1. Go through the residues of the stretch 73-87 one by one and say whether even a single one is surrounded by fewer than 16 Cβ atoms within 10 Å (Cβ to Cβ), farther than 28 Å from Leu359 by Cα and either of a type in the set (Lys, Arg) or touching a residue at least 24 places away in the same chain (Cβ under 8 Å) (or both).
2. Is there a residue in the stretch 330-338 that is part of a helix (DSSP H, G or I), in contact with a helix residue (DSSP H, G or I) (Cβ under 9 Å, 6 or more places away or on another chain) and at pLDDT 80 or above?
3. Does the stretch 174-214 hold any residues that are β-branched (Val, Ile, Thr) and in contact (Cβ under 8 Å) with a residue 60 or more places away in the chain, and which are they?
4. Could you tell me whether the stretch 273-293 includes any residue that is more than 20 Å from Tyr74 (Cβ to Cβ) and of a type in the set (Ser, Thr, Tyr)?
5. Pick from Ile57, Ile33, Ile69: which is in contact with a Lys or Arg (Cβ under 8 Å, 6 or more places away or on another chain), surrounded by 19 or more Cβ atoms within 10 Å (Cβ to Cβ) and either more than 18 Å from Ser281 (Cβ to Cβ) or at pLDDT 85 or above (or both)?
6. If we scan the stretch 193-203, do we find a residue that is surrounded by fewer than 19 Cβ atoms within 10 Å (Cβ to Cβ), touching a Phe, Trp or Tyr at 6+ places or on another chain (Cβ under 7 Å), at pLDDT below 85 and part of a helix (DSSP H, G or I)?
7. Regarding the stretch 251-259, can at least one residue be identified that is closer than 30 Å to Tyr44 by Cα and surrounded by 15 or more Cβ atoms within 10 Å (Cβ to Cβ)?
8. So for the stretch 81-98 (the condition being closer than 23 Å to Leu237 by Cβ, in contact with a Pro (Cβ under 7 Å, 6 or more places away or on another chain), modelled with pLDDT under 85 and in a helix (DSSP H, G or I)), does at least one residue qualify?
Amino acid sequence: MKKYVQSNFCYHSSALINAHVTNVVPGRVAYQIDLWILIESRHYFEQRFSLSVRIVITSMFVIVNTIFIAIILYGPCLALSQVTGLHIWFSLVSCGIICTLYTSIGGMKAVIWTDVAQTVTMFIAIVLSIIFGFIDAGGIRKVFEIATAGNRIQFDNATFDLSTRYTIWSIIIGGSFYTTAVYSCLQTQGQRYMCVKSIRAAQKVAWMNFIMYSIFILLCACVGCILYAKYSQCDPLRAKLISKPDQLYPLFIIETLGRFPGLTGLFIAGILSASLSTISSGINSIATVVLEDIYKRIAVENSMTDKKQAIISKILSLIIGLLIVFLAFIASYLGDNILVIVFQIAGSFVPPILGVYLLGFFAPRVNSRKSSTLETDDLHEPEKSIVEQQQML
């Protein structure tokens, strides 16, 4: 939990930068270029650069997102096993299959509505855990006094030493690029923006997300201070009360809320909601990318009906979900902190995708070629290439 609060507040600042960039750059280009529709973010790479660039970006997205979601699945299942005593494998299979089924059957509509319910549950659970945590620790002032005395609240670490992992600059700069890439360039978020009617509505969605995300970051910072205040004099890991650092929060819930009927179950629902919303949207986006960029390119028929596409998408979602469950088993043998692993994987592959987008947006001379969307059939009217449309913005 070292520098936990500093990291959260600085990451909050990077999210503010991301909110501005998301609303100004990719959103404007995406909505004003007619070809950039729901599943066409990678189509931009093919039209702007070449097919090989699109293949590389698609492969990066599918592989990294699959691994990322598998690790995300492992996190709440670890908490579930800690609280309930269930074996970690049983938790992985049950949570993975349930999430896969409602995602494959319900599609994007199921993902959105379950996200709404899961978000409400998640906020209720974390707020209640904070309230009871403050009461258990002796008050808000005492919690932050202990955290400050333990050097867990720092805002003066502005060193430019590249060997230091967590500094104000590394979190703000790195977080800005990462969050901008996630909310501006990836299929997972792009398909949400395209569910609304206009660019103004999409911008409102982005700002609402920033507000709720910022509140959640602040709540997580409070949780970190509460955990440190409670266990600053006794390390549960050294005392063998837990086997991994990721089990600390579930242990806190058991010891603090276990005596109140129903609150432990609410906590479990909150933990699962926080991850299942990410998993369901990830499965749906991966299935969409595989369908559009892989299956349709190797399919024998030239066109498919909407019904057939829906069936294939459900099958792909089921296969991807089962693969994620399998990879989550492998993730259970990883010894490092889950959050560190997630950011290492995502930070290595997601920002380069943003780099390619920005290169295409702001450097029209780089690898530029006239990419026309002319149809070979004379019945279709010729359209302007993406580069030409981009220069008109």
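The values are calculated or read from the model by the stated rules, or taken from the named source; none is laboratory data. Treat the numbers as computed from the prediction; the structure is a model and nothing was measured. For neighbour counting, all protein chains shown are included, and Cβ atoms are generated from backbone atoms with ideal geometry for every residue, glycine included.
1. yes
2. Scanning the stretch 330-338, I find at least one residue that is part of a helix (DSSP H, G or I), in contact with a helix residue (DSSP H, G or I) (Cβ under 9 Å, 6 or more places away or on another chain) and at pLDDT 80 or above, so the answer is yes.
3. Thr179, Thr180, Val182, Thr188, Ile199
4. So far as the stretch 273-293 goes, yes, one or more of its residues are more than 20 Å from Tyr74 (Cβ to Cβ) and of a type in the set (Ser, Thr, Tyr).
5. The unique qualifying residue is Ile57.
6. yes
7. Scanning the stretch 251-259, I find no residue that is closer than 30 Å to Tyr44 by Cα and surrounded by 15 or more Cβ atoms within 10 Å (Cβ to Cβ), so the answer is no.
8. For the stretch 81-98, residues closer than 23 Å to Leu237 by Cβ, in contact with a Pro (Cβ under 7 Å, 6 or more places away or on another chain), modelled with pLDDT under 85 and in a helix (DSSP H, G or I): present.
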